[in-house]
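Presented below is the structure to which this report refers.
The values are calculated or read from the model by the stated rules, or taken from the named source; none is laboratory data. Just so we're clear, the structure is a prediction, and the values are computed from it rather than from any experiment. Positions of Cβ are generated from backbone atoms using ideal geometry, with glycine treated the same way; all protein chains shown enter the neighbour counts.
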Amino acid sequence: MSLLKVDNLSVSFHTRNGSHQAVKNVSFTVEPREITAIIGESGSGKSVSCYAMLGLVPSPPGRIDGGSALFEGADLLALSERELRAIRGRDIAMIFQDPMTCLNPFMTIGQQLIEPLRLHKGLTAKDAKVRAIELLDEVGIRSPADTFDSYPHEFSGGMRQRVMIAMALINEPKLLIADEPTTALDVTIQAQILRLIADLQKNRDIGVLFISHDLAVVADIADQIIVMEQGVMVEHGSPDAIFNHAQHPYTQKLLAAIPSGHRTAERIKPDPLIAVSHLRTWFYPSNVKEPVKAVDDVSLEIHRGEVLGLVGESGSGKSTLGRSLLRLAPITEGSVVFDGIDLTQLEGNPLKTFRRRMQMIFQDPFASLNPRMTVYDTLAEPLLLHKICDRKSLDATIATLMDDVGLARAFIRKYPHEFSGGQRQRIAIGRALATKPEFIVADEPVSALDVTIQAQILELLIALGREHGLTMLFISHDMAVIRQIADRVMVMYQGKLVEQGDTEEVFGHPREAYTQSLLASIPGAALSA
Amino acid sequence: MLRFMLIRILQALPVIFVVITATFFLVRSAPGGPFDQEKVVIPEVKKALEAQYKLDLPLHEQYFAYLGDLAQGDLGPSFKYPGRSVNEILFSGLPVTAELGFYALLIALCIGVTAGVFASLRPNTAQDYIPMSFAMIGICMPSFLLGPLLVLVFGIWLDWLPITGWGDIPGDKILPSITLGSAYAAYIARLSRAGMLEILSQDYIRTARAKGLPEWLVVTRHALRGGLIPVIAFLGPAFAGLLAGSFVVETIFQIPGLGRFYVQAAFNRDYTMILGTTVFLSTLIVFFNLVSDIAAAWLNPRLRAQFKGGSQ
């Protein structure tokens, strides 16, 4: 018997602005001892279907229109809230996408861990603690007894996700629902967490429902893959069938969006636009004696017209390096020479003039755009500030910019919240291009985006780069993305450059152990095999 | 932690100093003086009185003399109540005002937090609109209107509660406390609704629900602590505001607290009394702000860690 059998599930949302059917007649099964993956972009209804089964979709506005979800023979959709609560956290447990926000910041790890045990099994606090510490140990938390009384903010993202997993497994559930559990994590951490989930699943004989937007991530671990698009299940089958014999055009599109291959390397004539020598950016936090050496003695050159990829994990100092180049982070020592002029010596107006020639694109298009400014205002600001154009030609210039980044001109009076993530990143790119810069620092510009959108934005960046003769420093933790866009690659680790070279050379023959471990973490090894 | 407190206290000193200076010169610039009365006082007597209270000295000398006394904690003699010092009068009125403020705050907290949390559980439904409409009315209704209304309804029509006094007849503390507390209850309701709505939309609330916790535990254990931080931060300024703002209520209900002395002092041009009360209340405001800031920060584990780091 299947562990979970979902039949014709339909969910809709009813708001003042009308109704929207999020899930349409979806049917699938989850077998015990198997990992079933649901794949789809944001808004495809993959998370909603799972939340709806557990009564976690707020109603109103959500409504389950029909269908059934048999879990061990009982229809979850027909259970009362009370009966459902008894199953949640005991037989069916969940882990969520963002470990930074999914743990209560006001409670210790321990308090949160023992909660399901005490609630469902009625254990005493003392017994529950023993069990919690065992489990923390099992998910790979060092010195678990000491961490029991720590607060979530004392942990890194990967460690918090381990805590989340421990919390989900503490009642030995039969079904684990993992909603994008690795999306917010670095590649190397992602690989560890994926391995952890696969191992735990094998040891415990539980069924796993794994939700993701990224086919590559589930390639190695899934037994069965379901592809959803706009609330409809478009394809399902074994990983082999999906990856090698995809029938539906949407599945094929998802497959094509997995970053692969590399740029056809055009030989770029070495003509340094930027030369950095012995750059140090240290921070001095008030309560620590030792400075944080975010960037420590880095020297590099970026040539005119090239895309230089900078890779490293969170905390490697790659973003700080990017900011230091634009004088957005305080430089402790060293020089940054841009087109023959040492930027570290500039202040005030001359620096402002240089800012026009260098722009930055940030990771999070949700956070980096002012929510109270329309697209028009956002694009007009740098144009007027740097006197690129006057009031008269402003409208025409903005329209051209919108065309450049592939946004319909009709959107010009809209606010950021009315756009999707990909569209917002296009606005951010438009803003960066507005001043007609020669150099752009793109700091993880696609890591907050779905894979298909990610592919579109990368294409846009490559095309715009060629068209405008841009030089770009492309920062990412994602090796596959770097390989796709960069001419040369630099690998950063703990504030230092550990390896650099032409992209294919670094990917084909990594010299440093650290680079090798980064390459080994790229998900989807099953794909390239 | 200690360093943080010390810095905040040092920051407060210039504020209090500016308050003293501004009040001192403003009061002096108002027409009339403490000994100008309808009844004509013999010029010689008036002169002798002014000499006794140093009013015949040039203004700047009076100012520095006052600062000198203040530094020793002496707020000077009252002009209107001969033989009594401002310190004495303040401390005779303070317990009454503090008690009134305390009850008012207690009422404000109980009603405000309950209404706010209740409203936040079902936003944009009747359960939200009804308490929040009352909150809006509570904020808009001045105490000089609410007080007499309550007196009329509960004191006169229904004849349930006494309408004046403080501690003389059982139950005479109820109406003044409600009158003073209601605006704050309304404000606290709005603060706790906003705070709870913010927290209830957080991902970790979903985590708590996914664990199978019943809704009341989700709210009390997971949401309240974060949701009420804005309320805690508001308590300090609120209590200070209750002390300083109680004079209307004290006047309506004939309560012998600080506020009445304050109002009378202003009418009487009782310079030292006005100054003393102002200095005293502004110091209290600064102090309670500091206390509630520390309490709010202490509730947030992340900020608490910084405090620990800073005190080492």
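For (1) assigned to a helix (DSSP H, G or I); (2) closer than 29 Å to A:Lys352 by Cβ, each residue gets a yes or a no:
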position	(1), (2)
A:Gly430	yes, yes
A:Pro437	no, yes
A:Leu449	no, no
A:Ile462	yes, no
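Given the structure, is A:Ser447 touching a strand residue (DSSP E or B) at 6+ places or on another chain (Cβ under 8 Å) and surrounded by fewer than 19 Cβ atoms within 10 Å (Cβ to Cβ)?
yes
Out of B:Ser177, B:Ser143, I need the residue that is touching a Ser or Thr at 6+ places or on another chain (Cβ under 7 Å) and either among the β-branched types (Val, Ile, Thr) or over 30 Å from A:Pro99 (Cα atoms) (or both). Which one?
Being touching a Ser or Thr at 6+ places or on another chain (Cβ under 7 Å) and either among the β-branched types (Val, Ile, Thr) or over 30 Å from A:Pro99 (Cα atoms) (or both) holds for just one of B:Ser177, B:Ser143, which is B:Ser143.
Which of (1) basic (Lys, Arg); (2) at pLDDT below 75; (3) under 30 Å from B:Leu303 (Cβ atoms) does B:Arg3 not meet, given it meets every other one?
Here B:Arg3 meets the rest and fails (2).
For region A:309-342, which positions are surrounded by fewer than 23 Cβ atoms within 10 Å (Cβ to Cβ) and more than 20 Å from A:Arg355 (Cβ to Cβ)?
Result: A:Glu313, A:Ser314, A:Gly315, A:Thr332, A:Glu333.
Among all residue pairs at least 6 apart or on different chains, which show Cβ distances below 7 Å where the first residue, located in region A:82-108, is within 7 Å of chain B (Cβ to nearest Cβ) and the second is of a type in the set (A, V, I, L, M) and assigned to a loop (DSSP other than H, G, I, E, B)?
Filtered contacts from region A:82-108: A:Arg88/A:Leu54; A:Asp98/A:Ala184.
Does B:Pro34 meet the test of being touching a Phe, Trp or Tyr at 6+ places or on another chain (Cβ under 6 Å), outside any helix (DSSP H, G or I) and more than 22 Å from B:Phe239 (Cβ to Cβ)?
In short, yes.
Checking the structure you have, find out if any residue of region A:5-23 is under 17 Å from A:His236 (Cβ atoms), under 27 Å from the mean Cα position of the chain (by Cα), assigned by TED's automatic domain parsing to the domain that holds A:Ala222 and basic (Lys, Arg).
No, that holds for no residue.
Might you check whether a residue that is surrounded by fewer than 22 Cβ atoms within 10 Å (Cβ to Cβ), farther than 20 Å from A:Met373 by Cβ and without any contact (Cβ under 8 Å) to a residue 60 or more places away in the chain occurs anywhere in region A:487-499?
Within region A:487-499 (the criterion being surrounded by fewer than 22 Cβ atoms within 10 Å (Cβ to Cβ), farther than 20 Å from A:Met373 by Cβ and without any contact (Cβ under 8 Å) to a residue 60 or more places away in the chain), the answer is yes, since at least one residue qualifies.
Which residues, counting only those in region A:386-420, are more than 26 Å from A:Leu470 (Cα to Cα) and of a type in the set (Asp, Glu)?
The answer is A:Glu418, and nothing else.
Looking only at residues in region A:67-81 that are assigned to a helix (DSSP H, G or I) and within 33 Å of the chain's Cα centre (by Cα), which one is nearest to the other protein chains (Cβ to nearest Cβ)?
Ranking the qualifying residues of region A:67-81, first place goes to A:Leu76.
Just the residues that are in a helix (DSSP H, G or I) and either surrounded by fewer than 23 Cβ atoms within 10 Å (Cβ to Cβ) or more than 10 Å from every other protein chain (Cβ to nearest Cβ) (or both), please, taken from region B:210-224.
B:Glu215, B:Trp216, B:Leu217, B:Val218, B:Val219, B:Thr220, B:Arg221, B:Leu224
Can you confirm whether region A:418-433 contains a residue that is more than 27 Å from A:Arg304 (Cβ to Cβ) and aromatic (Phe, Trp, Tyr)?
Checked region A:418-433: at least one residue is more than 27 Å from A:Arg304 (Cβ to Cβ) and aromatic (Phe, Trp, Tyr).
How do the pairs read when you match residues in region B:56-83 that are under 24 Å from B:Phe261 (Cβ atoms) with residues anywhere that are in a loop (DSSP other than H, G, I, E, B) and modelled with pLDDT of 80 or more, using Cβ under 7 Å and keeping only pairs 6 or more apart or on different chains?
Cβ pairs passing all conditions: B:Tyr66/B:Gly76; B:Asp69/B:Gly76; B:Ser78/B:Arg84; B:Ser78/B:Asp270; B:Phe79/B:Asp270; B:Lys80/B:Asp270.
Quick one: B:Asp172 ticks every box in (1) within 14 Å of chain A (Cβ to nearest Cβ); (2) surrounded by fewer than 24 Cβ atoms within 10 Å (Cβ to Cβ) except a single one, so which number is it?
Here B:Asp172 clears every test but (1).
Applying the selection to region A:218-240, what residues are on the phi > 0 side of the Ramachandran plot and buried (at least 21 other Cβ atoms within 10 Å of the Cβ)?
Once the filter is applied, which keeps residues that are on the phi > 0 side of the Ramachandran plot and buried (at least 21 other Cβ atoms within 10 Å of the Cβ), region A:218-240 yields only A:Gly231.
Kindly list, by first and then second residue, each pair from a residue in region A:27-40 that is within 12 Å of A:Ala178 (Cα to Cα) to a residue that is assigned to a loop (DSSP other than H, G, I, E, B), limited to pairs with Cβ atoms under 6 Å and residues at least 6 apart or on different chains.
Hits for this filter: A:Ile35/A:Ile221; A:Ile35/A:Ala222; A:Ile35/A:Asp223; A:Ala37/A:Ala222.
What is the residue count in region B:175-209 for residues that are part of a helix (DSSP H, G or I), within 17 Å of B:Leu121 (Cβ to Cβ) and out of contact with any helix residue (DSSP H, G or I) (no Cβ under 8 Å at 6 or more places or on another chain)?
1
Residue under question is A:Ala168, and the condition is that it be within 21 Å of A:Lys46 (Cα to Cα) and either assigned by TED's automatic domain parsing to the domain that holds A:Thr108 or at pLDDT below 90 (or both); does it hold?
In short, yes.
I'm trying to understand the selection: among the residues of region A:114-156, which are among the β-branched types (Val, Ile, Thr) and either in a helix (DSSP H, G or I) or within 14 Å of chain B (Cβ to nearest Cβ) (or both)?
Correct list: A:Ile114, A:Val130, A:Ile133, A:Thr147.
Filter region B:196-209 down to the residues that are surrounded by fewer than 24 Cβ atoms within 10 Å (Cβ to Cβ), more than 8 Å from chain A (Cβ to nearest Cβ) and touching a residue at least 24 places away in the same chain (Cβ under 8 Å) and list them by number.
Of everything in region B:196-209, those that are surrounded by fewer than 24 Cβ atoms within 10 Å (Cβ to Cβ), more than 8 Å from chain A (Cβ to nearest Cβ) and touching a residue at least 24 places away in the same chain (Cβ under 8 Å) turn out to be B:Leu197, B:Glu198, B:Ile199, B:Leu200.
Any chance region A:89-102 includes a residue that's of a type in the set (A, V, I, L, M, F, W, C), farther than 28 Å from A:Arg63 by Cα and surrounded by fewer than 20 Cβ atoms within 10 Å (Cβ to Cβ)?
yes
Taking the options A:Val130, A:Val139, name whichever one is touching a residue at least 60 places away in the same chain (Cβ under 8 Å) and over 30 Å from A:Val232 (Cα atoms).
That would be A:Val139, the only listed residue that is touching a residue at least 60 places away in the same chain (Cβ under 8 Å) and over 30 Å from A:Val232 (Cα atoms).
If I go through region A:55-93 residue by residue, how many of them are in contact with a strand residue (DSSP E or B) (Cβ under 6 Å, 6 or more places away or on another chain) and more than 26 Å from A:Ser19 (Cβ to Cβ)?
Adding up the residues that qualify gives 4.
Out of (1) in a helix (DSSP H, G or I); (2) over 30 Å from B:Val286 (Cα atoms), the odd one out for B:Pro95 is which?
(2)
Of these, A:Ile242, A:Ile221, A:Ile226, which one is at pLDDT 90 or above, in contact with a helix residue (DSSP H, G or I) (Cβ under 9 Å, 6 or more places away or on another chain) and closer than 25 Å to A:Pro32 by Cα?
Step by step, each of A:Ile242, A:Ile221, A:Ile226 is checked, and only A:Ile226 is at pLDDT 90 or above, in contact with a helix residue (DSSP H, G or I) (Cβ under 9 Å, 6 or more places away or on another chain) and closer than 25 Å to A:Pro32 by Cα.
Within the set of pairs 6 or more residues apart or between chains, which connect a residue that is assigned by TED's automatic domain parsing to the domain that holds A:Thr320 and on the phi > 0 side of the Ramachandran plot inside region A:270-293 to a residue that is at pLDDT 85 or above and of a type in the set (A, V, I, L, M, F, W, C) with Cβ atoms less than 9 Å apart?
A:His278/A:Val298
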